[in-house]
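Only one structure is covered here, and it is reproduced in the block below.
The values are calculated or read from the model by the stated rules, or taken from the named source; none is laboratory data. These numbers were taken from a predicted model, which means no experiment stands behind them. Cβ placement follows ideal geometry from the backbone for every residue including glycine, while neighbour counts extend to all protein chains displayed. All accessible areas refer to the heavy atoms of the entire protein, side chains included, with ligands and DNA or RNA removed. Shrake-Rupley method; radii C 1.70, N 1.55, O 1.52, S 1.80 Å.
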Amino acid sequence: MFRSATASSLASRFFISINHPRIAPLTIPLASFTNHAPIPANGTNHLHQNGSSKDDQNRRKQRTAGPLHFIAASSFLSWFSKKSDDENTPESQLITIIKRSILSIQKEEYQKAEQMLHLALKMAQDLQSKDGITYIYDIMANLAMEVGDFAKAEKLFVNVMQRLFSDGFLEDHIKMLHISSKVAHLAQLQGHLDKAAQGFEWTLAKLEEKLKQLGDDNAKEIRELWGITKNWYAQLLMESKRFAEAKQAFLQAYEAYTEIHGMLTEEGLTILNNLSVACSNLEDYASAERFLKEAIALAAQIPDLSEAGVYKANLGLLYLQQGLLRQASEFCTFAWRYGKQHKHEETVQQASYCLEQIKAMEK
């Protein structure tokens, strides 16, 4: 005899939704700060949603999800663009330290990056470079966000915003909107959902105004930031159990992200997975299955993608939710083996839970 399980009873433990912090760019990219080339970058229902609960926030503090994602932007800090090519000048030495700090962040050497940034800040202060100080604070804020020190990150971002205001930047400038989006996301991660919602909605409205004013050729950065913000807002909507709105926001975020970066990216697959989570909460199992299968097919084209096992486990759990035990067992067994092979603990935990539920339902 199979024991039946209702959707509501499984929903409290099911699917994993994934939050990729790598989607967030620095507010002030290095490419806008110097005439050197930018350094290239090398993130309810138990379908997995990091960042939407206190446990998820704690897990995210314990496990960072890789280097910050850099995007190009128009020139911002003229002080760097006017620097001498002489590597022995104080300005060039400062640039070198900043570059090394960014490389350390990319290598997840966060303590080393923090030390270098404090050294860079002291150098910028000695040089009386107001713009250089602002830029370093921005990197510090992103670093704090990356390692899960959300209160510190928010304080630093507010500092950057105040400095930009004092330099004459308007509240709807693209760099201000980058910060507004991140501050809203940080409010969400700290559980301040009303504050986060207000921040996201204000930022999205300003970005949409700008998209209407600009042609397609000039709107790439704004379109990308709009997609990033939509993705974060969708996660907030999931946390607020506004699943239909979350589904629509995830769809919009996925369209924006893939039109810029293509379909074969971890971040794009993350959004697809989360879209499936929203559909499963709406009991739209056909759509949830379709999005997960699309994520699995695309993941197969990305070598050694650790999250691929999570997608398999989620599909198994989706079948379990519908009482399809044979299919659930097939995908969760594969996911368990994949997680063990790739030493991906979240996949193993998710698949183990699925297999335990299958055994319980078969009694």
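At-a-glance table
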read-out	value
Within-14-Å neighbourhood charge of PHE243 [Cβ basis; K, R +1; D, E -1]	-1
Apportionment of accessible area to carbon and sulfur, the stretch 135-215, percent (1.4 Å)	53 percent
FRET efficiency estimate (nearest 0.05) - Cβ-Cβ, ASP194 to LEU282, R0 22 angstrom	0.40
Two-site label geometry, GLU171 and HIS118: point separation in nm, points 7 Å out along Cα→Cβ	3.6 nm
Accessible surface, 1.4 Å probe, highest first, among residues PHE334, PHE250	PHE334, PHE250
Sequence of PHE157, PHE165 from largest to smallest accessible area, 1.4 Å probe	PHE165, PHE157
The stretch 98-169 - Rg over Rh from alpha carbon coordinates, Kirkwood radius	0.98
Sequence of GLU289, GLU224 from largest to smallest accessible area, 1.4 Å probe	GLU289, GLU224
With every protein chain in place, the stretch 92-133: carbon and sulfur % of accessible area (1.4 Å)	49 percent
Apportionment of accessible area to carbon and sulfur, the stretch 263-362, percent (1.4 Å)	50 percent
Of THR333, GLN349, ALA278, farthest towards positive along the dipole that unit charges on Lys, Arg, Asp, Glu beta carbons give the stretch 263-362	THR333
Student exercise, the stretch 263-362 dipole from Lys, Arg, Asp, Glu Cβ charges, in Debye to nearest 20	320 debye
Inter-site label distance for ASN159 and GLN301 at 7 Å from Cα along Cβ, in nm	4.4 nm
Three principal axis lengths of the stretch 208-363 [C-alpha, angstrom, descending]	62, 33, 22
Peptide ranges 267-273, 309-315, 291-297, 117-123 listed from the most packed, as the mean C-beta count within 10 angstrom indicates	309-315, 267-273, 291-297, 117-123
Surface per residue (accessible, 1.4 Å probe) for the stretch 262-349, Å²	41 Å²
Full-stretch length increase - GLU259, LYS359 - with 0.36 nm per residue and alpha-carbon distance subtracted	31.7 nm
Links that overshoot a 27 Å alpha carbon limit, given the list LYS175/LYS212; LYS155/LYS175; LYS122/LYS220; LYS247/LYS343; LYS122/LYS175	LYS122/LYS220; LYS247/LYS343
Sorted peptide list for 355-361, 229-235, 182-188, criterion being average Cβ within 10 angstrom, highest first	229-235, 182-188, 355-361
Cα centroid of the stretch 178-246 to Cα centroid of the stretch 321-363, whole Å	34 Å
4 °C / 1.567 mPa s Stokes-Einstein diffusion coefficient of the stretch 209-280, Kirkwood radius on C-alpha pairs, µm²/s	105 µm²/s
